[in-house]
Ligand SMILES: [Zn+2]
C-alpha cells in the first residue's frame with residue numbers, strides 16, 4: 001500500500017497521523033453521542049501531540065466547509081434531478097442528513113487536517 005493510501009485510510013479510521021495506530025478521539029465511535037468531540041492530548045501509542053499549537057484545528061473548519069458544500073450540492077442535485085422532488089423537500093432532506101452526519105463531519109475534518117499537517121513516521125518506535 002502506498003503512503004498516500006495509508007494516510008487516507010488513517011484519515012477515515014480517525015487514527016494518529018504519525019503511527020496510524022492510536023485513536024484521535026477518546027470515543028472511537030462517530031455514532032455515539034457520549035463525548036464525541038473529546039481528543040486526548042497525546043497519542044497513546046507514539047506520543048504525537050494532537051494539538052501541536054493553540055488554534056491548530058481552525059483550519060479544519062475550511063475542510064469541513066468544503067466537504068459540506070459539495071455534499072450539499074450533490075444531495076440537492078440528486079433530490080431535484082433524479083427524484084424530481086421540490087426544493088423545499090430537498091432542503092428538508094439535506095438538513096436531516098446534515099443533522100445526522102454532523103459529528104462524523106466534524107471529526108473527519110479534524111482527522112483530515114492533522115493528517116495533512118503531520119507526516120507519517122513508519123519508524124516511530126525507537
Ligand atoms: Zn500515534
Those residues of the range 72-100 which are free of Cβ contacts under 8 Å to residues at least 24 places away in the same chain and either part of a loop (DSSP other than H, G, I, E, B) or closer than 25 Å to residue 116 by Cβ (or both), in sequence order:
73, 74, 83, 84, 85, 86
Out of (1) within 21 Å of residue 98 (Cα to Cα); (2) in a loop (DSSP other than H, G, I, E, B); (3) within 16 Å of the ligand (Cβ to nearest atom), what's the single condition that is false for residue 35?
(3)
Of everything in the range 12-27, what is under 18 Å from residue 51 (Cα atoms), within 14 Å of the ligand (Cβ to nearest atom) and either free of Cβ contacts under 8 Å to residues at least 24 places away in the same chain or not in a loop (DSSP other than H, G, I, E, B) (or both)? Give them in sequence order.
15, 23
Would you be able to say whether some residue in the range 75-84 is closer than 14 Å to residue 105 by Cβ, surrounded by 16 or more Cβ atoms within 10 Å (Cβ to Cβ) and at pLDDT 95 or above?
yes
Residue 27: surrounded by 10 or more Cβ atoms within 10 Å (Cβ to Cβ), out of contact with any helix residue (DSSP H, G or I) (no Cβ under 6 Å at 6 or more places or on another chain) and within 17 Å of residue 13 (Cα to Cα), yes or no?
yes
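The values are calculated or read from the model by the stated rules, or taken from the named source; none is laboratory data. Since the structure is predicted, the reported quantities are computational estimates derived from the model, not experimental observations. Backbone-built Cβ (ideal geometry, glycine too); neighbour counts: all protein chains shown.
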